[in-house]
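Engineer: This is the structure I want to talk about, given as structure tokens.
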Amino acid sequence: MNRRSSLDTRFLVEGRTLLIDLEKRLKVLSSAACHGGLVKARYIMNHQVPANPVAASATLPTRRWTDPAKYLKQVAGEMGVTGEAVALMTAVPMKQLVTLRAAADNLWVEGFITVGVTNAVRAGEPVRSAEGRRRASPGTINVILVTNARLGESAMVGAVQVVTESKAAVLLAAGVPSWTGRRGATGTGTDAVVVACGAGRDGPQLRYSGTHTKVGELIGRLVMRGVTEGLKRSERWSKRKCAETTDRPL
């Protein structure tokens, strides 16, 4: 598995899949479709699916989009992963993946972020109808964090809170519109967050991780940078795809 020189965390991008190897089973808290919740896991995966999986199933009959966990386990197995993997889905191409690191003294946080906002929504808005959800292109913001800090369970929840606040701040500042057309989206309807802690050998034991703490500061800074860069890459990708479609002969 390849290692980027700027990151301690080992990872591989192969085709449509990001695979992170934590090298040992760590405590992981996530909203992942596969192996979510508070678990022990060695592998984390972010896998790109078609923008409209149900429509794509006509040409990919072996895929089972109605059971994401089962499908993701199949993908993990095809990549040679043994044991449970915390796994996410996205329609964002892995070439838009943002990787980055924030550190201070003996504490570090590393992030793996993919950003798509075609499915953006403001928290509290009316839920789309089933037909509207089927027609929507499922843009998703997936944030995966790995830290050497040994976080207590409440601190892991606090880390998710800081991720959410940071993501929403970027979207609000950028004026990203909700699916209703109004500005003020705070996320998308399919966002996921993963926090893995205890990586490395000498991370500090921390009971708190809010915005008044150093680890909270690092998480906030990293996520804001990552989502900002992800938005830029998403816009560039959309414009390029639009140009390719426009230039294609009829």
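Engineer: So what J values fall out for segment 19-26 if you push phi through Karplus, 6.51 cos²θ - 1.76 cosθ + 1.60 with θ = phi - 60°, rounded to Hz, Gly and Pro as x?
Structural biologist: 10, 9, 10, 7, 6, 7, 6, 10
Engineer: Tell me, what HN-Hα J-couplings in whole Hz come from the Karplus equation 6.51 cos²θ - 1.76 cosθ + 1.60 at θ = phi - 60° for each residue of segment 225-234, using x for Gly and Pro?
Structural biologist: Each residue of segment 225-234 in turn: 4, x, 5, 4, 5, x, 4, 4, 5, 5 Hz.
Engineer: Once amide H atoms are placed 1.01 Å from N in the peptide plane, what residues at a sequence separation of 5 or more from THR188, or on another chain, have their amide H within under 5 Å of its amide H?
Structural biologist: Counting only residues 5 or more places away or on other chains, the set is VAL121, ILE141.
Engineer: What residues qualify as long-range amide H neighbours of ARG42, i.e. H under 5 Å apart, gap of 5 or more or another chain, H built at 1.01 Å from N?
Structural biologist: Under 5 Å from the amide H of ARG42 lie the amide H atoms of LEU26, each far enough along the sequence or on another chain.
Engineer: Same structure again: Which FRET efficiency value, to the nearest 0.05, is calculated for ASP67 and LYS24 with the Förster distance at 30 angstrom and r the Cβ-Cβ distance?
Structural biologist: 0.55
Engineer: Read phi for every residue in segment 77-93 and hand back ³J(HN,Hα) as whole Hz from Karplus 6.51 cos²θ - 1.76 cosθ + 1.60, θ = phi - 60°, with x for Gly and Pro.
Structural biologist: x, 5, 8, x, 6, 9, x, 6, 10, 6, 10, 10, 10, 7, 9, 7, x
Engineer: Among 107-118, 7-18, 151-162, what's the highest-first ranking by average C-beta atoms within 10 angstrom per residue?
Structural biologist: Ranking, from highest mean packing down: 107-118, 151-162, 7-18.
Engineer: Taking amide H atoms as placed 1.01 Å from N in the peptide plane, list the residues 5 or more away in sequence, or in a different chain, whose amide H sits under 5 Å from that of GLY210.
Structural biologist: Here the answer is none, since no amide H 5 or more places off falls under 5 Å of that of GLY210.
Readers should treat all values here as calculations from the given coordinates under stated rules, not as data from a laboratory. Quick caveat: nothing in here was measured; it's all calculated off a predicted structure. Methodologically, a virtual Cβ is constructed for each residue, glycine included, from the backbone with ideal geometry; neighbour enumeration extends over all protein chains shown.
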